[in-house]
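Remarks on the structure that follows.
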Amino acid sequence: MAHELYTSSSEVLLGKSAKSLLWGQYYAMALMDNVRDAGRVEEIRVRAALEAVVTAEQRASDLEVEATHLRSELKAAKEQNDGLQVHLKVTRAEKLNETCVEAQAASETLAEEIRQCPEKDRKLIEDYKKSQGFELGLTRTGQVTYEYGYRIALARFRARYPDLDVAEDPFASFPEDLGVDMPEDVPFDDSIDAPRK
């Protein structure tokens, strides 16, 4: 720089010094603006911080009120739940007792019926054997058995003695039966009454 001071013209030196002054003034003004802006920024920051603190305190207060309300609702719900649990236990116990009583009564009734079952069965069999349907069934069974037995005996006889001839019809009228008083035309009767002997 000293070398430029002695070798440069005065106009160049004046231009450089003016330029230097302008840049210095510019830097000084920029520095003052920065300081002033920093103060404003700080003021804005302080205001924003105060507003944020007030907003946060208001929000915290609102949340505290809501939390208190929710706690009271939770407490009420727990008390209601406890009451319902007690009611449920009482209801279950009552229902269980009723069911046990009903089951015991049904068990006793079933045991009594099982105890009386052989006697009832015997009485039913006796009543059936005394009924006319049973007697008619025995009579019919006897006649069917007789006719079937006759036919089997006749078939065996013919198989054993093929040369012999049997001319007898068991259902034909014979002279020895003519003395028995019997109607010749008997209408069909399908009632359960046993035939009279």
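Each value in this text was obtained by applying a stated rule to the coordinates, not by laboratory testing. Predicted model only: the values in this text are computed from it and were never measured. All Cβ positions, glycine included, derive from the backbone under ideal geometry; neighbour counts span all protein chains shown.
Computed from the C-beta positions of residue 80 and residue 45 and an R0 of 41 Å, the FRET efficiency is 0.20 to the nearest 0.05. Spin-label pair residue 98-residue 123: with each label point 7 Å from Cα along the Cα-Cβ axis, the two points sit 3.5 nm from one another. Whole-Hz Karplus values for region 50-57 come out as 5, 5, 5, 5, 4, 5, 5, 5 Hz, taken residue by residue from phi with 6.51 cos²θ - 1.76 cosθ + 1.60 and θ = phi - 60°; glycine and proline positions read x.
Calculated on the alpha-carbon coordinates, the convex hull of region 2-130 measures out at 323 cubic angstrom per residue.
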